[in-house]
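**Student:** This structure is in structure tokens; I'll ask about it shortly.
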Amino acid sequence: MLSRGLLLVVLVAGAAAQDDAEAAAEGEGEEECVPCEEAWEYVEFLKTEVKEKVTQILQDFKGSTGADATVADTMDEVMSIREAILERIKGLRKGDIEICTDQNVKQEEKLSEFRMEVMGILLDLVDADASTIDNLKGISKKLLDFRKTISDEVMRLLMLPEPDCGKTVVNVEDCAECQVLADLKFTLLNLQVCSKKEDAEEGEEAPEEPEAPAPADAPAEGKAAEPGSDCVEPIMYSMSLIIANEKLDEAIAAFYTQIIQATDEAERTKAFDKLTTLKKFREKVDEYITALIDEGEDAKKLKKYVSRNLRVLIIEVTTALEECNKSCGNEGGECESCAGPILVEALDKMEEYTIQMESEREDEEKTDFIRTDLINHINKINEDSRGILTAKVQSETGVLEECEADKLKVYNMIKGPMWMLVNTTIFSEDTSAITEMIKAMEEQLRMKLSEYCKNVPVEGPTDPEGPNCEWEEYEKTKEYLVEVDTTIQEGLFKVKEDSDKTKALLGFVKIQEMFDKRVKKLFEDKVQCIGELTFIKEKYMPQLTKCMIEFMNPKVKFTEMTRLQRISCIKTLRNNMEDRTANLLQFELKKSLDQLSDDGASK
């Protein structure tokens, strides 16, 4: 066994030497200041080809079933990272990858360092004793350290001064992403409707439904006319999402090409916005694919997962599609009425209250929560209504626009039933009466929503199982990091005028909203994950508030600030999140490896 390990070491070392020889043989490409933003394209490579792959390896450690299989799988993945890094080094030396000489990115130098770190990990993996638990822990530690190194490199690139050279260019085709979003939405809705329909008809063969005319945003070819009329077996849910992601990959690749060729800054920014939206959805779908594969072949679990988890993404895709259609002048959005969001928000309230009533809290605590939250929501409705009425009185015609009229009508409709529910929480001694009223209000809101909107998904299941606090926090923090990077890219990395400060502030507001929603959810779950709550309240929120206060100062002029000055504040928040994800991932790795050790000892 030892001789085999030594032989593998020799082979890997030989491969490294061959890599250097092949790369050197290609020769140095001439470096010149070409019109490009070299740093950001390099950042994308590091994130997608290195960091995400390392993260996936570490996540696979978490779900591994045996030490030998873990070593073999990890070696394959690490080798693929090595090959990607080597290919990029070759591309740089051949001149296939354009660089900006005045930007001091130093891609080749850094990539060579990274390749050596990867080789060190590979040497550990080919060791004869690699499959022991102690060695696996050491390898996982090296992978975590390497992941941190890549994160630090990304931050270094973000802090580089802006280049003086610009880009040559093509006109970016408008509205190309609308059909992509429509296809994605249809796929998600189809899976969700199918999973719920099959749940309702468990044990029975689903009846055939008549074919209906294709909706405006349904795929033109090869798709069912209505979501739910073309259902696949639950085991194929992941394949449907894989196909959807392939379409997203094609669109993302097209936008990358357009961005590289764009000369006009406005067009380039627009393309970046579209690309970022599609990448966000692709990453989320990829998480769903992984989760579905992890569920195995249990049809009941697969249906439950799809029914429970797709809702939020469907809403986000629907919103993005509506905005896309509106910006492109397309008619027939999913919910053109301004009343739609009001009704969806009210439905979310009813779902929150249902969760409360099903919880193990004391009855008095449940009713107090519902009563207090409802009164606050009604006060908000009253304030919005007064604003609409004031605008009506002050207008020259005294007539409201259709949008405001719809909002006022819905506000007036839902206030009465909400006050009735408040009264029920005060005077009813039977909690079942409260539950029944919540259910009745939910049904009425759904009916009213169907009058204003088409196919807006509003179902929201509950999760009766207890949380895995560390893993849930890890997943949520990854979402925060995506939004932080989007804010850096769109609002801070490269600015053209002082008004661009608004983009950064809007990004901060969105991050704040994510924190608020998560804190609310943690409290609704009776703060079972106190560590996550503490980190958000004591680390993330204060730093974000500091950044917002700093940028809201009217004296702050973006055009007079360097990139380093613009990013320094949000950099602290990002570093906190990166450190936290590394610690959480390390915790999960230790737990998984300890489990492997326990399993091995029990055999």
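We did not get these values from a lab; they are worked out from the coordinates using the rules stated. Note that the structure is predicted; figures quoted are calculated from it, not measured. With ideal geometry, Cβ positions are generated from the backbone for all residues, glycine too; neighbour counts draw on all protein chains shown.
**Student:** Quote to one decimal, in nm, the extra length available between residue 361 and residue 345 on full extension: 0.36 nm per residue of separation minus the C-alpha distance between them. If you can, show how the numbers build up before the last one.
**Tutor:** Numbers: separation 16, 0.36 × 16 = 5.76 nm, distance 2.41 nm.
Extra length from residue 361 to residue 345 when fully extended: 3.4 nm.
**Student:** Something else now. Estimate the FRET efficiency between residue 44 and residue 401 by the formula 1/(1 + (r/R0)^6), using the beta-carbon distance for r and 30 Å for R0, to the nearest 0.05.
**Tutor:** That pair, residue 44 with residue 401, gives E of 0.10.
**Student:** Can you pick out the pairs among 494/539; 137/280; 51/90; 148/537; 142/247; 142/501 whose Cα atoms lie more than 30 Å from each other? Can you show the working numbers first?
**Tutor:** Working: 494/539 27 Å; 137/280 32 Å; 51/90 20 Å; 148/537 24 Å; 142/247 35 Å; 142/501 39 Å.
Over 30 Å apart, Cα to Cα: 137/280; 142/247; 142/501.
**Student:** Run the numbers for residue 104 and residue 471: contour at 0.36 nm per residue of separation, minus the present Cα-Cα distance, in nm.
**Tutor:** Numbers: separation 367, 0.36 × 367 = 132.12 nm, distance 3.76 nm.
Length gained between residue 104 and residue 471: 128.4 nm.
**Student:** On full extension of the chain, what length is gained from residue 249 through residue 432, given 0.36 nm per residue of separation minus the C-alpha to C-alpha distance? Display every interim value, and only then the final one.
**Tutor:** Numbers: separation 183, 0.36 × 183 = 65.88 nm, distance 4.93 nm.
Result: 61.0 nm gained on full extension.
**Student:** Would you mind getting me the FRET efficiency between residue 482 and residue 392? Use the beta-carbon distance for r and R0 = 45 Å, nearest 0.05. Kindly include the intermediate steps, with their values, before the conclusion.
**Tutor:** Values: r = 41 Å, r/R0 = 0.91.
In this case the efficiency is close to 0.65.
**Student:** Between residue 133 and residue 537, what is the spin-label point distance in nm, taking each point 7 Å from the Cα along the Cα→C-beta axis?
**Tutor:** Taking the two extended label points, one gets 3.7 nm.
**Student:** A further question follows. If r is the Cβ-Cβ distance from residue 379 to residue 298 and R0 is 45 Å, what FRET efficiency results, to the nearest 0.05?
**Tutor:** On the way: r = 46 Å, r/R0 = 1.02.
With a Förster radius of 45 Å, E is 0.45.
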